[in-house]
Amino acid sequence: SLLTSLLKSAFVVETQPSMPQGKGPLVLRTNVQFSVKTRFLVKFPELNHAMKVNVSMDREAPLVKGYRRFNVLGTNSKALNMAESMSGGMVADFRHLTLKEQKSGGGGKGIHDLSLSVTEELHIINFNTEFLLHDMSVSLETSSLPVVIISNSSQQQSAWASILWFNMLCLEPKNLLFFANCPAATWPQLGEMLSWQFLSSTTRGLEANQLDMIAHKLFGKQQSYDACKISWTKFSKENVPNTNFTFCVWFDGILFMVKTHLENLWKDGSIMGFVSKGKEKTLLKKKRRGTFLLRFSESIRDGGITFSWVDYSPTGEPDVRSVQPFTKVDLCQIPFHEIIRNFQILEEENVPENPLLFLYPDTPKVEAFGKYYTEKSGADSQFFKYIRTKLVFVSKENTLEAKSLMYSDTVEGEGSGPMNPRYGLGGEAVEPSTFLPLPPSPDPMFPDAMVNPDEDLNPTFQEFLDDQSIYDCGDFLSDDTTFLEGALPGLPFTALLQPCE
């Protein structure tokens, strides 16, 4: 009996079912191939290729109205063998399985009349084989953890949230009706799970102050969050206040953005990330001019990152400023460290200046990001074409200035809308009739949301270029005048046209 018990427990699912391009393991899609690996933890060379493993589905499916049934297609029978095992054990590696929903019999009536969404419906994949050696015969069975089966890629985020919630809270691995009576999670449980996602994706988890910001976002200000609980509905179904997305969608969008575009900066600890706008302002107001920090946007569904810096007025009053957040669309065009490296604003007297000097708390910018810089900078940089002047203003004195509207005061609130296009960086008024927008183009330095001129008040940029009487090409701040073709990609963030006499 001891030997039989040992053999039965030695047959395991080593690698849980997963799709090559899936959100994570245990989320499967119909008609899309997935893989799963089983292993027999006892080595019997004489049984190599003799033990056939068969795959089946939903053997113990609950009798629930509308609960779907699936067939496993592909090579669903395979022998345990030592050739596919790196460690020499006995493995059956299923690499090309697919699921197809049963059209007959599925979705019928059951003894439970429950309302479970597709992403709350759990299924189990079963494996069985026969151990036969000399006069001993033992039937072996094992199964995967519960999987969620979707039919559309748009369901992946919700399905992954279900997998996380189940594995965080459920103590019964075969409880397929877990979401019929779903328990709430305590903040320590949820915080550990959120940190684990970053740890597993980027090798750097969340720090205590980052977790505190998330807890504050979920529960408001509390002396301690240990007793706070969050329901499954609030985590995955209810929208975050003043947004059109849920908490799990927001968090997942940030995680994807970090993994895809910001992993090195995150692992270095350069990104503070989860910090509220109020806390950000409190931290920066105590620092010297040019100190900046990087934080994640709270108002963008698919992940956004912004930077804020502190400046001081002539009277010594601190002024915290922020750029509109950059999204994954922007970061596909230019790395974030190059944005930080080349960012400039046009200060008084038309002198371009990079206001980002010290990464919070006091690390010089080049020390924090220099190792990631490309060798070339300015007009020679491969990213230069993405850093173009977006807005052109003509003042009453006929001076043409391009000014960055990228930042707004923090007190106005992130994502509060574009600044008034009739005002330049310093707030000086500009004649509406002389406001000239450049042609719109993908530009991470100047998000399109910042540009919203009244089109009927402005001539086209080409008409402006065709009028040779209003400018002298020799007075451009760039020696290369070829940038007139297109949207002025010749100057990084600022340009100045002097009028002809």
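Regarding V329, is this residue surrounded by fewer than 22 Cβ atoms within 10 Å (Cβ to Cβ) and under 23 Å from F245 (Cα atoms)?
Numbers: surrounded by fewer than 22 Cβ atoms within 10 Å (Cβ to Cβ): yes; under 23 Å from F245 (Cα atoms): yes.
Considered against the rule, which asks whether it is surrounded by fewer than 22 Cβ atoms within 10 Å (Cβ to Cβ) and under 23 Å from F245 (Cα atoms), V329 comes out as yes.
Condition first: assigned to a strand (DSSP E or B), over 23 Å from V91 (Cβ atoms) and charged (D, E, K, R). Now tell me which residues in region 22-38 satisfy that. Explain how you work it out, then say what you get.
So in region 22-38, the residues assigned to a strand (DSSP E or B) come out as 27-29, 34-38.
So of that shortlist, the ones also over 23 Å from V91 (Cβ atoms) come out as 27, 29.
Matches in region 22-38: R29 only.
Within region 55-71, if we keep just the residues that are among the hydrophobic types (A, V, I, L, M, F, W, C) and either within 19 Å of S143 (Cα to Cα) or under 35 Å from the mean Cα position of the chain (by Cα) (or both), the residue that is modelled with the highest pLDDT turns out to be V55. Given the structure, is R288 in a loop (DSSP other than H, G, I, E, B), assigned by the TED database to the domain that holds K365, out of contact with any strand residue (DSSP E or B) (no Cβ under 9 Å at 6 or more places or on another chain) and basic (K, R)? So R288 fails the test. Taking the condition outside any helix (DSSP H, G or I), open to solvent by 20 Å² or more (accessible area, probe 1.4 Å) and among the β-branched types (V, I, T), does T260 pass? Answer is no for this residue.
Take G253 and tell me if it is under 17 Å from T306 (Cα atoms) and either open to solvent by less than 40 Å² (accessible area, probe 1.4 Å) or at pLDDT 95 or above (or both).
On the way: under 17 Å from T306 (Cα atoms): yes; either open to solvent by less than 40 Å² (accessible area, probe 1.4 Å) or at pLDDT 95 or above (or both): yes.
Against the criterion (under 17 Å from T306 (Cα atoms) and either open to solvent by less than 40 Å² (accessible area, probe 1.4 Å) or at pLDDT 95 or above (or both)), G253 qualifies.
Taking (1) open to solvent by 60 Å² or more (accessible area, probe 1.4 Å); (2) assigned to a strand (DSSP E or B) in turn, A92 satisfies each apart from (1).
Each row is one residue, and each column tells you yes or no for (1) open to solvent by less than 70 Å² (accessible area, probe 1.4 Å); (2) at pLDDT 95 or above; (3) farther than 23 Å from D58 by Cα.
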{"position": "A159", "(1), (2), (3)": "yes, no, no"}
{"position": "G191", "(1), (2), (3)": "yes, yes, yes"}
{"position": "Q197", "(1), (2), (3)": "yes, no, yes"}
{"position": "M213", "(1), (2), (3)": "yes, no, yes"}
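The residues on offer are N76, N81, and the sole one that is outside the structural domain of W232 (by the TED database) and open to solvent by 30 Å² or more (accessible area, probe 1.4 Å) is N76. If F247 meets every condition in (1) buried (at least 18 other Cβ atoms within 10 Å of the Cβ); (2) at positive phi apart from one, which number is that one? Tallying (1) buried (at least 18 other Cβ atoms within 10 Å of the Cβ); (2) at positive phi, F247 fails exactly one: (2). Of all residues in region 72-126, which are of a type in the set (D, E) and at pLDDT 85 or above? Listed by number, the residues that qualify are D93, E101, E120, E121. Within region 37-54, restricting attention to residues that are basic (K, R) and at pLDDT 90 or above, the residue that is farthest from S5 (Cα to Cα) is K37.
Just to be sure, is T363 surrounded by fewer than 16 Cβ atoms within 10 Å (Cβ to Cβ) and modelled with pLDDT under 85? Quick ask: steps written out before the conclusion?
Numbers: surrounded by fewer than 16 Cβ atoms within 10 Å (Cβ to Cβ): yes; modelled with pLDDT under 85: no.
No: the conditions fail for T363.
Have a look at T315, T282 and point out the one that is out of contact with any His (no Cβ under 8 Å at 6 or more places or on another chain), open to solvent by 10 Å² or more (accessible area, probe 1.4 Å) and either part of a helix (DSSP H, G or I) or aliphatic (A, V, I, L, M) (or both). Answer to the check: T282. Among the residues of region 153-174, those that are without any contact (Cβ under 8 Å) to a residue 40 or more places away in the chain and either touching a Pro at 6+ places or on another chain (Cβ under 8 Å) or in a loop (DSSP other than H, G, I, E, B) (or both) comprise L169, C170, L171, E172, P173.
Inspect region 24-44 for any residue being open to solvent by 70 Å² or more (accessible area, probe 1.4 Å), assigned by the TED database to the domain that holds S87 and without any contact (Cβ under 8 Å) to a residue 40 or more places away in the chain and give the result as yes or no. No: zero hits. With respect to the conditions (1) of a type outside the set (G, A, S); (2) open to solvent by less than 20 Å² (accessible area, probe 1.4 Å); (3) within 25 Å of L99 (Cα to Cα), V138 lacks only one, and its number is (3). When I300 is tested against (1) more than 29 Å from S236 (Cβ to Cβ); (2) of a type in the set (A, V, I, L, M, F, W, C); (3) open to solvent by 10 Å² or more (accessible area, probe 1.4 Å), only condition (1) is not met.
Yes/no per residue for (1) under 24 Å from the mean Cα position of the chain (by Cα); (2) closer than 30 Å to C182 by Cα:
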{"site": "D226", "(1), (2)": "no, yes"}
{"site": "G253", "(1), (2)": "yes, yes"}
{"site": "K281", "(1), (2)": "no, no"}
{"site": "T291", "(1), (2)": "no, no"}
{"site": "R295", "(1), (2)": "yes, no"}
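Applying the criterion of being among the aliphatic types (A, V, I, L, M) and in a strand (DSSP E or B) to the residues of region 59-89, the residue that is farthest from L47 (Cα to Cα) is V64.
Restricting to region 181-226, name every residue that is acidic (D, E) and either in a helix (DSSP H, G or I) or closer than 30 Å to S117 by Cα (or both).
Step one: of region 181-226, the residues acidic (D, E) are 192, 207, 212, 226.
Selection gives E192, D212.
What about S297, is it at pLDDT below 90 and either farther than 23 Å from N354 by Cα or assigned by the TED database to the domain that holds L218 (or both)? For S297, the condition - at pLDDT below 90 and either farther than 23 Å from N354 by Cα or assigned by the TED database to the domain that holds L218 (or both) - is not met.
The values are calculated or read from the model by the stated rules, or taken from the named source; none is laboratory data. Just so you know, these numbers come straight off a predicted model, no measurement behind them. FYI the Cβ positions are ideal-geometry reconstructions off the backbone, even for glycines, and counts take in every protein chain you see. When the accessible area is computed, the model is the full protein with side chains, heavy atoms only, and any ligands, DNA or RNA have been set aside. Shrake-Rupley method; radii C 1.70, N 1.55, O 1.52, S 1.80 Å.
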